[in-house]
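The values are calculated or read from the model by the stated rules, or taken from the named source; none is laboratory data. Every value quoted in this text rests on a predicted model; they were computed, and no experiment measured them. Positions of Cβ are generated from backbone atoms using ideal geometry, with glycine treated the same way; all protein chains shown enter the neighbour counts.
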Amino acid sequence: MKLFLLKFFIGLLGFVPARVLGWLSRPLGDLVWKLSRTRRNSTLKNLAACYPALDEASREILARDSMRHLAMTALETGICWGWSRRRLERHFLPPEGQEHLDAAFGEGGGVLLLAPHFGNWELLNHWIQFHYELLALYKPGSSPGLEAAMVENRCRFGAQMVPTTGAGLKQLYRHARAANLVAILPDQDPSDGKGRFAPFFGVPALTGVLAARLVQQTGCRVLFGACRRTHDYRYQAHFFPAEQGIYSEDPDTALAALNRGVEQVVGLDPAQYLWAYKRFKSRPAGEPPFY
């Protein structure tokens, strides 16, 4: 029943114009800011660590804007699940950096796209499906019904989604070796034993090693991608190649380059990054809890 009501509500959101959703995101984001102490505190702590030169008032302005973008991401679920390809394409501006993506394919191997939690990463997934054959990795949730609905909607324009299980990872490697496009979210706190600490805005962050291992074992080329919201309630995909360091056999060098790529994505518009996520939850041995 809960899943039915959720899908019904998401369906209703699909009828709301993006501009109206943008207006609604402001009071909704302000409400989340007031009521969710956890999200508010984690956002402020992350920004204080990553932008120490910002004064407190500037950090709070950025934090509140980030919360409004978080609210917009939730409201845009109706767009992701319900809009037709034609309607979605009308709301996308011409992409920035698509030539880098095409050039990577021109080298003849697989391509790894790293898409941080910036803007609307779900809409980036849709844009890519309009132009390329995609296999993406996702983390299974605790609700099988909701997970099935999410996967169905993420794949509705032709993508394949595989879970972060042994079988799913094997599919990911096979797809990359076959000179195809694969996508990973690179900025999650990984499970124990699946990450190493690397600097993120100068702060040690436990960073997943999957991307570095995939590069070493398949020889794929690496790019970063993001879907940025524009001020007129449209969307623009951005792509740029990773630093050469990401191809290093030294994992620390590769992971440092990966996190610098995430920083470059954040630099497109820092307010659109998911600062509420507890990115620094895991700490090096001997350090106190961050949050």
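General observations
- For residue 215, the criteria (1) over 19 Å from residue 118 (Cα atoms); (2) in a strand (DSSP E or B) hold in every case but one, which is (2).
- Selection count, the stretch 93-106, where residues are part of a loop (DSSP other than H, G, I, E, B) and of a type in the set (A, V, I, L, M): 1
- Qualifying residue in the stretch 250-258 (condition: touching a residue at least 24 places away in the same chain (Cβ under 8 Å), surrounded by 15 or more Cβ atoms within 10 Å (Cβ to Cβ) and either among the polar types (S, T, N, Q) or not assigned by TED's automatic domain parsing to the domain that holds residue 113 (or both)): no
- Of the residues making up the stretch 213-231, those that are touching a residue at least 24 places away in the same chain (Cβ under 8 Å) and either hydroxyl-bearing (Ser, Thr, Tyr) or surrounded by fewer than 16 Cβ atoms within 10 Å (Cβ to Cβ) (or both) are 216, 217, 218, 219, 230.
- Residues that are of a type in the set (S, T, N, Q) and in contact (Cβ under 8 Å) with a residue 40 or more places away in the chain within the stretch 148-165 comprise just one, 153.
- Pair list, Cβ under 6 Å, 6 or more apart: the stretch 74-92 residue part of a loop (DSSP other than H, G, I, E, B), other residue at pLDDT 95 or above and crowded, with 17+ Cβ neighbours inside 10 Å: 76/120; 91/235
- Looking only at residues in the stretch 177-233 that are of a type in the set (Val, Ile, Thr) and over 21 Å from residue 166 (Cα atoms), the one that is nearest to the chain's Cα centre (by Cα) is 222.
- Note on the stretch 1-72: enclosed helices (runs of 4 or more DSSP H) holding 2 or more residues that are modelled with pLDDT of 95 or more, under 16 Å from residue 273 (Cα atoms) and under 20 Å from the mean Cα position of the chain (by Cα) are 18-35, 37-50.
- Extreme residue, nearest to residue 206 (Cα to Cα), among residues of the stretch 222-264 that are assigned to a loop (DSSP other than H, G, I, E, B) and polar (S, T, N, Q): 248
- All positions within the stretch 265-291 that are in a helix (DSSP H, G or I) and either closer than 18 Å to residue 111 by Cβ or free of Cβ contacts under 8 Å to residues at least 40 places away in the same chain (or both): 265
- Tally of residues being of a type in the set (Phe, Trp, Tyr) and farther than 12 Å from residue 256 by Cβ across the stretch 173-200: 1
- Options 57, 63: the member that is of a type in the set (A, V, I, L, M) and either within 29 Å of residue 133 (Cα to Cα) or without any contact (Cβ under 8 Å) to a residue 60 or more places away in the chain (or both): 57
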